Amino acid sequence: MNAWLNWSLLLITVVVMAGLALYSDKIVRKGNSEGGFLLAANTLGPFVGAATIVATGFSGWGFMGSPGVAYKYGAIELLGNFFFAPAMVFAVLFCARFLHQRASKIGSLTIPEYIASSHDGPEPAKRLTQAITAIITVLLLLVFLIGQIKALGLLAGQWLGIDVTTASLLMVAIIILYTSIGGLAAVAFTDCFMVIGMCVSALIIVITIFADLSPSQLIDGLNALDPALLAPADSGPYGGSIWHVFLVLPYAFIYSATLPYMSIRFMALAKTTKLHHVAAYMTPIACLLSLVPIAGLYVKLKVPNLATPDEAMPTFLLLFLSPTVSAIVTLFILFAMKSTANSVLHAIASAVSHDLRQALWPNCTLNHRQLLRLNRLAVILLGLAGFLLMLVAPPFMLSMLAILGSGTLMAALVAPTLLAQVIDTNIYAALASILVGFCSGCLLFWQFQLGWVEAPLYASLLACGSYWFVSLVSQRHHQAHFLRLR
């Protein structure tokens, strides 16, 4: 009975998503350009924009990884997870309009193209920067995608009663199906459908926990189990002091404003969309989803000896919800993971089919139908590549994979996207900051015992410093050259 219900729920949602994708295909074809597939033809309204931003930000790590971190490190994760809500709202209010207007003015369809087009310099240097940015995007977001696919397989396998590998392949196939048909429009519309389920899931989780234990009972139980769960000496995975957790706020702001699979939504907003309307929709949804890590604390109290922390949410679903409710909540959590996986897949496919094509073959001319085929082929091939890489990837905590991929990428992109709003410089400054951010991010993450958000933030500072330094040197060189000509 349970397996029949789960498979039936999955089939219904696949039909809904396929229908939304087919509707999105009309938008893709109506634009008669790549902008239909890559930017949803700039049609995202306030609710759709808000829903897809929040659904992408609070995703697999929020429903699977974050409860696992809370299980291992305690209540510090609840605070860290909450910072994503105001950070995403601030990113929309303070960055979205600039990025949208400037990208529209120069005709950019992706973040790598935006960086190359918005900085002055010779055309070969611009193409090189676009190619390097695209390659870095693909490499780092594939790491992130692997974590999402792993999380999907772990949960879907238990839910459907099949092995993890088969479940992962099934989930990837569903994501490839609707993403390849409708591009960003399909991603955004399915995210709206998903985020409603995510909110219902968060409500069920919170109500279930506090119907069993009052907040004071939960606190007393955790304190009796291990006082460090509520009064830690450090910020757990975020750093060596209790104050390091506050670094999550700037981290989440840069994350929301610079990462291609997040900021591309700013570029896809309709011209008539009011940002304060987007923020108004985002705020209650994001705050509600910030409560999900409580499940990790609850499971820690009830089942304190799990083999791995990432089993916290699956254990909660198995032991503390009725079979029917567990099936529905599991489906909604799968929604959460798909909402980021489809966004990441769309971003890396765009980097390959659009940015690398432009950078390596600038004189290549394809019609709209050929471009659309190329976009869709990239989605299919990169989706399958993510699945195959997941099979051979070593075991890591899901949240760590998310930080490694997205954190290093944001360090590479922060200067030429955010700092470019206040510093007008050339393509060489952009290229230098991208390379410094990428290399320093990888080095700090692997070679130093730093918190998960420390390494990306320090790398971001180094990247911004290199951006400013090269800009200053270029400006002085230009002034000296001008004086010599006089």
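The values are calculated or read from the model by the stated rules, or taken from the named source; none is laboratory data. Since this is a predicted model, take the numbers as computed values, not measurements. Quick reminder, even Gly has a Cβ in these numbers, built from the backbone with ideal geometry, and neighbours come from all protein chains shown. Only protein heavy atoms, including side chains, enter the accessible area calculation; ligands, DNA and RNA are left aside. Shrake-Rupley method; radii C 1.70, N 1.55, O 1.52, S 1.80 Å.
Using the Karplus relation 6.51 cos²θ - 1.76 cosθ + 1.60 with θ = phi - 60°, the per-residue 3J(HN,Hα) values for segment 303-310 come to 10, x, 10, 5, 5, 9, x, 5 Hz, with x marking Gly and Pro.
State the percentage of accessible surface on segment 89-243 attributable to carbon and sulfur atoms; use a 1.4 Å probe and exclude ligands, DNA and RNA. Roughly 68 percent, rounded to a whole number.
May I ask you to derive the FRET efficiency for R102 and I204 from their Cβ-Cβ distance with R0 = 60 Å, giving the value to the nearest 0.05?
Working: r = 42 Å, r/R0 = 0.70.
With a Förster radius of 60 Å, E is 0.90.
Please compute the net charge surrounding A307, taking Lys and Arg as +1 and Asp and Glu as -1 over other residues with Cβ under 15 Å from its Cβ.
Details: positive: K72, K300; negative: D310, E311.
Every neighbour counted, the sum reads 0.
Ordering K126, K338, K30 by accessible surface, largest first, gives K30, K126, K338; the 1.4 Å probe counts only protein heavy atoms, with every chain in place. For segment 349-447, what % of the accessible area comes from carbon and sulfur atoms, probe 1.4 Å? Ligands and nucleic acids excluded, carbon and sulfur give 69 percent. Per residue, segment 1-149 exposes 35 Å² of accessible surface when a 1.4 Å probe is rolled over the protein heavy atoms with every protein chain present. Of interest is the spacing of the C-alpha centroids, which for segment 159-213 and segment 237-267 amounts to 23 Å.
Protein-only accessible surface at a 1.4 angstrom probe places the residues W446, W7 in the order W446, W7, largest first. Rolling a 1.4 Å probe across all protein chains gives L413 an accessible area of roughly 0 Å².
In this structure segment 213-348 gives 35 Å² per residue of accessible area when probed at 1.4 Å with all protein chains present.
Could you tell me what percent of the accessible area of segment 262-302 is made up of carbon and sulfur, with a 1.4 Å probe and every protein chain present? Working shown, then result.
Working: 890 of 1370 Å².
Ligands and nucleic acids excluded, carbon and sulfur reach 65 percent.
Note that segment 419-474 presents 47 Å² accessible area per residue, ligands and nucleic acids not counted, probe 1.4 Å.
Look at where the Cα atoms of segment 63-102 and of segment 272-339 average out, and the two centres are 14 Å apart.
Sequence-ordered 3J(HN,Hα) estimates for segment 223-229 from the Karplus curve with 6.51, -1.76 and 1.60 and θ = phi - 60° stand at 5, 5, 5, 6, x, 5, 5 Hz, glycine and proline given as x. Less than 5 angstrom separates the built amide H of W452 from those of Y238, G239, all sequence-distant by 5 or more or on a different chain.
Cross-link pairs exceeding 26 Å between alpha carbons, from the set K150/K274; K105/K338; K30/K150; K30/K126; K72/K150; K126/K338: K150/K274; K105/K338; K30/K150; K30/K126; K126/K338.
Over the chain, the Kirkwood radius and the radius of gyration, each from Cα atoms, give a ratio Rg/Rh of 0.98. Residue by residue, segment 458-473 carries 3J(HN,Hα) couplings of 5, 5, 5, 5, 5, 5, 5, x, 5, 4, 5, 5, 5, 4, 5, 4 Hz when phi is fed to the Karplus relation 6.51 cos²θ - 1.76 cosθ + 1.60 (θ = phi - 60°); x denotes Gly or Pro.
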